[in-house]
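Have a look at the structure below before the remarks.
Here, each number is a calculation from the coordinates, and none is a lab measurement. Quick caveat, the model's predicted, so the values are computed rather than measured. Because the Cβ atoms are built from the backbone with ideal geometry, glycine has one as well, and the counts that use them run over all protein chains shown.
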Amino acid sequence: MKEAVNSIYGFLLGPSGQLNIYGKLLRAIIIFILMKIVIKFSYSLIDRFFTKRHNSRFKIEERKSNTLAVILKSVSKYLFYFIGIVSILKEFGLPIESILATAGIGGLAIGFGAQSLVKDIITGFFILFEDQYSVGDYIKTGDFDGIVEEIGIRITKIRAFSGELHIVPNGNIQTVTNLSRGSMRSLVNVEITYEEDIDKALVILSELSKKLSQENDNIVEGPTVLGVTNLSQSGIQLTVVAKTKPMEQWAVEREIRKKIKEEFHKAGIEIPYPRRVVIEKDKVDKSSLNS
């Protein structure tokens, strides 16, 4: 056993007793493994901290805590990567002080050519500080819309409903429409034929609205029957509007349309739809001759 240990030391140490290239490589690998372990441990601490904050008396909003957790994980990852790389370079005898000084001067020079990167980082901090949106919010910005999956120091990841993942630099985010803050609006238009009784249809819609407001927990206000809102070529348009919880407006609209169709069918109220009348030429000629 002792001979095996001595052979390992002989393999890793040089004649002067210092680590040779193999020893330095081994230590660099150990530093890299420790760096990965520390990063995972920091992730665990961050998750545990925000879990306790969420369950504590002075809890913060869940979406905001998720956003802060992502930011802290990103910062800690880059920080430990930097410490690990500096330690590995130091193992190989590279002058860290001169490298950092050169990097500082070079960074100043590069900074003039990397204004977009600086802009992305500064905008990212303002997005977080001003709480413009959080992870899990449905937003629209520029040509993109979807659910915010991640807010980083430099980029924001937006998952569209069709599945695409849009990676948008924070500096490109000029105007944001947040569709997850406050109550959303559900708007349903329905038409009846000109021959139908308007008052009867409005009474049915009012009774249906009262029923939906009691049964559907996603409705926070209404539904309210606005009455006749348009006279089109095909029929009379009636409108129902409601305020819902965020991201539930489409489900509420689908439910209102379904219930209206069912109630109108029970009451015998006809909803107009395109029709085609076919006139046979022979029958027209015969009827004209008989007359």
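Say the cut-off is 24 Å between C-alpha atoms; which of Lys40/Lys119; Lys140/Lys259; Lys243/Lys266; Lys200/Lys266; Lys73/Lys119 go over it?
Lys40/Lys119; Lys140/Lys259; Lys243/Lys266
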Burial-style ranking of 238-245, 163-170, average other-beta-carbon count within 10 Å with highest first, yields 238-245, 163-170
For region 131-178, averaging the sequence separation of alpha carbon pairs under 8 Å that lie six or more residues apart and dividing by its residue count, the contact order in percent is 35
Two pseudo-spin positions, 7 Å from Cα along C-beta at Val176 and at Tyr194, lie apart in nanometres by 5.1
Stokes-Einstein, Kirkwood over Cα pairs, region 204-258, 37 °C, 0.692 mPa s; D in µm²/s equals 278
Note to self: C-alpha centroids of region 122-147 and region 197-214 sit apart, in Å, by 39
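Determine, from the Cβ-Cβ distance of Asp143 and Trp250 and an R0 of 30 Å, the FRET efficiency 1/(1 + (r/R0)^6), rounded to the nearest 0.05. Before the final figure, lay out each step's value.
Values: r = 21 Å, r/R0 = 0.70.
E(calc), rounded to 0.05, equals 0.90.
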Descending packing, highest mean Cβ count within 10 Å first, for 145-151, 126-132 is 145-151, 126-132
Quick calc: nm separation of the 7 Å Cα→Cβ label points for Lys210 and Phe125 -> 5.8
So Val86 and Ala267, fully extended at 0.36 nm per residue minus their Cα-Cα distance, gain in nm 57.3 nm
Once normalised by the length of region 205-245, the mean sequence separation of its alpha carbon contacts under 8 Å that are 6 or more apart gives a contact order in percent of 38
Cα extents of region 131-178 per principal axis, largest first, Å, are 24, 18, 18
